[in-house]
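Below is one structure, written out as structure tokens; the observations come after it.
The values are calculated or read from the model by the stated rules, or taken from the named source; none is laboratory data. None of the values given here were measured: they were computed from a predicted structure. Counting neighbours? That spans all protein chains shown, and the Cβs are built from the backbone with ideal geometry, glycine included. Please note that ligands, DNA and RNA were not included when accessible areas were found on the heavy atoms of the full protein model with its side chains. Shrake-Rupley method; radii C 1.70, N 1.55, O 1.52, S 1.80 Å.
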Amino acid sequence: MTGNRQPSPGSLSTLTEEAGLPTLKVALLGCGVVGSQVARLLAEQADDLALRVGARLELAGIAVRRVGHRRAAGIDRALLTADAHSLVDIVVEVIGGIEPARSLMLAALKTGRPVVTANKALLAENGAEIYGAAREYGADLYYEASVAGAIPLLRPLRESLAGDTVHRVLGIVNGTTNFILDRMDSSGADFAESLEEAQALGYAEADPTADVEGFDAAAKAAILASLAFHTPVTAADVHREGITEVTAADIGSARALGRVVKLLAICERCDGGISVRVHPAMIPRSHPLAAVGEAYNAVFVEASSAGRLMFYGAGAGGTPTASAVLGDIVAVARNRLAGTRGPDASTYAGLPVMPMGETVTRYHVSLDVDDRPGVLAPVAEAYARHDVSIEAVRQMSRGEEAQLVIVTHTARDAALAATVRDLEALPVVRAVASVMRVEGEEE
């Protein structure tokens, strides 16, 4: 019964040679942190990948801006070229940014070549153009690595849930900010100290603006909303707030209320349209997202038939992201051999993106007020004027001053914001110390 024996790992090369498999040439655009790991994995797993795909994946060249620049160990410098247009077959774009990535991707798609990309910024800004070119010229466009690193999230939205109706996508999609907020919660450190630690450990860039101001998460939210709701959404459509204003006092107040602060991407259907937003929010410590620590990502998807699904894992890093890129390479290679294409990004619904003021949410407001009788009455009147219902009130005395913490029931964000403006004008209110949204309790 020797014919049933499984081949040993050492015999994979022999099997691929005996199979006489065809070769597909892979063009890699970019050789940074992710690109170098993609190149490494293509080389190290060449035989295994060939048997999975049914063709050998040959790295034909690596297009870079500066051929003489220092590269990661193991990169074959003979593959480096500055002429990206000469590379053929499957195109893998890991340059990042808008240009030259946009021009190179469009050039590849217009020749019918499949493109794999990890470029969230480009897809969030020019997605309609890129998707349109792929559709017009019959080319595959795969981009699993553009959101949440190694976590298989986009393909389930695009394919597995294609027969369902997604109502909400809620999650942590930026590892840098999650690390910072996790450190603030666990150690009591302030934002600056936690950011410095994140930079020292390599979780944050020297210029962390894209992460801490929410730009990175907003781009990912745009991609998620586009797929979930079959509607074109750009980063400009996303309401965005970062975490730079989150204080140690905010973290402490959340802890006292049994909550934790997270930077959330929230995409949801509402009143005939959709809401797409990124901002810090308090969530109950009992919520599964509250336990997501360090630089990890996690995303909840809520659908009519499937119910609640959770995706969790490493959201960034060279090797995890390269894993997602490689999965897409295998998918488009199989399609190319079969003469088929993967599914397009559908935008048939064309739902309007609602302004943030129309979004229904909740607020946690911390006020510094005079510590004397009658203070609560004008504060409550400010909420009532805008038809905002109060859920909980907590007061802590500080001598002549007191801290008043008020948590609301759900209301339109515009009404809540107007209430805060009225509170700022009250004589009894010395300062509105902080305002933060609350998620995860009321449905």
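List, please: which pairs have Cβ atoms under 7 Å, are six or more places apart or on different chains, and start with a residue in region 98-121 that is under 19 Å from Glu136 (Cβ atoms) and assigned to a helix (DSSP H, G or I) and end with one that is open to solvent by less than 40 Å² (accessible area, probe 1.4 Å) and of a type in the set (Gly, Ala, Ser)? As it stands, the answer is Leu104/Ala84; Leu106/Ala133; Leu109/Ala133; Leu109/Ala134; Leu109/Ala139, since those pairs meet every condition given. On inspection, Met310 qualifies as touching a helix residue (DSSP H, G or I) at 6+ places or on another chain (Cβ under 7 Å) and free of Cβ contacts under 8 Å to residues at least 40 places away in the same chain. In region 324-360, the qualifying residues are those that are touching a residue at least 60 places away in the same chain (Cβ under 8 Å) and among the β-branched types (Val, Ile, Thr), and the one that is most open to solvent (accessible area, probe 1.4 Å) is Val360.
Conditions (1) among the basic types (Lys, Arg); (2) modelled with pLDDT under 95; (3) open to solvent by less than 30 Å² (accessible area, probe 1.4 Å), marked per residue:
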position	(1), (2), (3)
Gln37	no, yes, no
Arg40	yes, yes, no
Arg56	yes, no, no
Ile62	no, yes, yes
His69	no, yes, no
Gly74	no, yes, no
Ala84	no, yes, yes
Leu104	no, yes, yes
Thr111	no, yes, no
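Scan region 221-250 residue by residue and report those that are surrounded by fewer than 24 Cβ atoms within 10 Å (Cβ to Cβ) and part of a loop (DSSP other than H, G, I, E, B). Within region 221-250, His230, Thr231, Pro232, Thr234, Glu241, Gly242, Thr244, Glu245, Thr247 meet the criteria.
Total residues in region 213-232 satisfying the condition of being farther than 14 Å from Thr177 by Cβ and either within 14 Å of the chain's Cα centre (by Cα) or without any contact (Cβ under 8 Å) to a residue 24 or more places away in the chain (or both): the figure is 7. For Val432, the stated conditions hold: it is under 30 Å from Gly171 (Cα atoms), in contact (Cβ under 8 Å) with a residue 24 or more places away in the chain and either surrounded by 15 or more Cβ atoms within 10 Å (Cβ to Cβ) or in contact with a Lys or Arg (Cβ under 8 Å, 6 or more places away or on another chain) (or both). Residues that are touching a helix residue (DSSP H, G or I) at 6+ places or on another chain (Cβ under 9 Å) and farther than 30 Å from Phe300 by Cβ number at least 3 in the following strands (runs of 3 or more DSSP E) confined to region 371-443: 429-438. Looking across region 165-206, the residues that are of a type in the set (A, V, I, L, M, F, W, C), over 23 Å from Ala254 (Cα atoms) and open to solvent by 30 Å² or more (accessible area, probe 1.4 Å) come down to Ala200, Leu201, Ala206. In the condition set (1) at pLDDT 95 or above; (2) open to solvent by less than 40 Å² (accessible area, probe 1.4 Å); (3) out of contact with any Leu (no Cβ under 8 Å at 6 or more places or on another chain); (4) not small (Gly, Ala, Ser), Thr321 is compliant with all but (1).
Could you check, for region 137-156, whether at least one of its residues is charged (D, E, K, R) and open to solvent by less than 50 Å² (accessible area, probe 1.4 Å)? Within region 137-156 (the criterion being charged (D, E, K, R) and open to solvent by less than 50 Å² (accessible area, probe 1.4 Å)), the answer is yes, since at least one residue qualifies.
Checking every residue in region 278-299 against the condition of being in contact with a His (Cβ under 8 Å, 6 or more places away or on another chain), in contact (Cβ under 8 Å) with a residue 24 or more places away in the chain and among the basic types (Lys, Arg) gives zero matches.
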